[in-house]
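**Student:** To start, I am sharing the structure in question, which I have written as structure tokens.
The values are calculated or read from the model by the stated rules, or taken from the named source; none is laboratory data. It should be emphasised that the depicted structure is a prediction, and the values quoted were computed from it without experimental measurement. Don't worry about glycine lacking a Cβ; one is built from the backbone with ideal geometry, like all the others, and counts go over all protein chains shown. Accessible surface areas use protein heavy atoms only, side chains included; no ligands, DNA or RNA. Shrake-Rupley method; radii C 1.70, N 1.55, O 1.52, S 1.80 Å.
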Amino acid sequence: MKVTFLGTGTSQGVPVIGCECDVCRSLDYRDKRLRVSVHLEVEGKSLIIDSGPDFRQQVLRERIKRVDALLFTHEHKDHTAGMDDIRAFNFMQRIDMPVYADERVLRQLQQEFSYIFTNATYPGVPRVELHPISNQPFEVQGIQVTPIQVMHHKLPVFGFRVGDFTYITDANFISEEEKEKVRGSKVVVVNALRREPHISHFSLSEALALLEDLAPQQAYLTHISHLLGLHREIETELPPHIRLAFDGLTLSL
């Protein structure tokens, strides 16, 4: 499996519009964070988790020429706003794009992208094939995917485990039952918004405590805001097996 971090930033991205903090003015490419998304290449298939407002830019940057399915963690705009850009893959692949998400999320997509689902569509609109999922393992193009239900304040969100890789974003609580689905993963990705506590995201210390409990061989932090600090400085504080993810980082499992 090859994993590529398409984006590792929070809902505003980094730099934040109008901000003059050290992180937003940093020239380090690792401090430039598009909205959070990840690309998985596994068993010859190409899967993307979340298509935020930077989706087009991310796909072009990584030269992704094929997408076999799109998975959504939840319905917030920083995770869904770029779905219109799957049109290019419709044209190239001559398929309706399979989209996997909780039924609540699919309903929200149908509302926000209503022009896709109307009976009077016009040429060139995205074509999608909706697949509702629940908190049970499912298959995507023959790939086994295990959802991990986490809480984003009061909103249920899905993380996903594929093989030895687990990806969790936009969470501030994981039950013991759901943690069991993660245990044994070689690589775990989890959100770490900032140092200070937050109502709907893990802070840095909370993310590190969770990872100590889950004990993966390697872990990466994502969904990072400018409030966490400079990449080069935070990295020096982390245990050797835990790193900050950054846009364009690739992993081979």
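**Student:** Per 10 Å bin, what is the whole-percent P(r) computed from every C-alpha pair distance within the chain?
**Tutor:** 7, 33, 38, 18, 4, 0
**Student:** Please report, in debye to the nearest 20, how large the charge dipole of the stretch 104-207 is about its Cα centre when each Lys and Arg carries +1 at its beta carbon and each Asp and Glu carries -1 there.
**Tutor:** The dipole magnitude comes to about 120 debye.
**Student:** Might you tell me the accessible area per residue for the stretch 75-174, computed with a 1.4 Å probe and given in Å²?
**Tutor:** Here the per-residue accessible area is 47 Å².
**Student:** For Y29, tell me the accessible area in Å² from a 1.4 Å probe, rounded to the nearest 10.
**Tutor:** 150
**Student:** Okay, next question. How much length is gained on full extension from E196 to N135, taking 0.36 nm per residue of separation minus their Cα-Cα distance?
**Tutor:** Length gained, E196 through N135: 18.9 nm.
**Student:** So if we plug the beta-carbon distance of R127 and K45 into 1/(1 + (r/R0)^6) with R0 = 22 Å, what FRET efficiency do we get, rounded to 0.05?
**Tutor:** Efficiency, rounded to the nearest 0.05: 0.70.
**Student:** With charges set only on the Cβ (+1 for Lys and Arg, -1 for Asp and Glu), what does the dipole of the chain come to about its Cα centre, in debye to the nearest 20?
**Tutor:** The dipole magnitude comes to about 660 debye.
**Student:** Taking the 0 to 90 degree range and rounding to the nearest ten, how far is the long axis of helix 204-214 tilted relative to the main principal axis of the chain, both from C-alpha atoms?
**Tutor:** 80
**Student:** Sticking with this one: Once you mark the GluC sites (Glu not before Pro) that are in a DSSP loop and have at most 14 other Cβ atoms within 10 Å, what is the longest gap between them in the chain? Spell out each step's value before the answer.
**Tutor:** Details: sites that count: E20, E43, E237.
The answer is 44-236.
**Student:** Among L27, L208, L47, which one moves the most in a GNM of the chain with springs linking Cα atoms closer than 10 Å?
**Tutor:** L27
**Student:** How about the stretch 107-210: which trypsin sites (Lys or Arg not before Pro) there lie in a loop by DSSP and see at most 11 other Cβ atoms within 10 Å?
**Tutor:** K154
**Student:** Another question about this same structure. Quick check on my link table: of K32/K65; K2/K181; K77/K186, which ones sit more than 28 Å apart, alpha carbon to alpha carbon?
**Tutor:** Going by Cα-Cα distance, K77/K186 fall outside the 28 Å limit.
**Student:** Could you check what % of the DSSP bridge pairs in the chain are antiparallel, to the nearest 5?
**Tutor:** Just about 55 percent of them are antiparallel.
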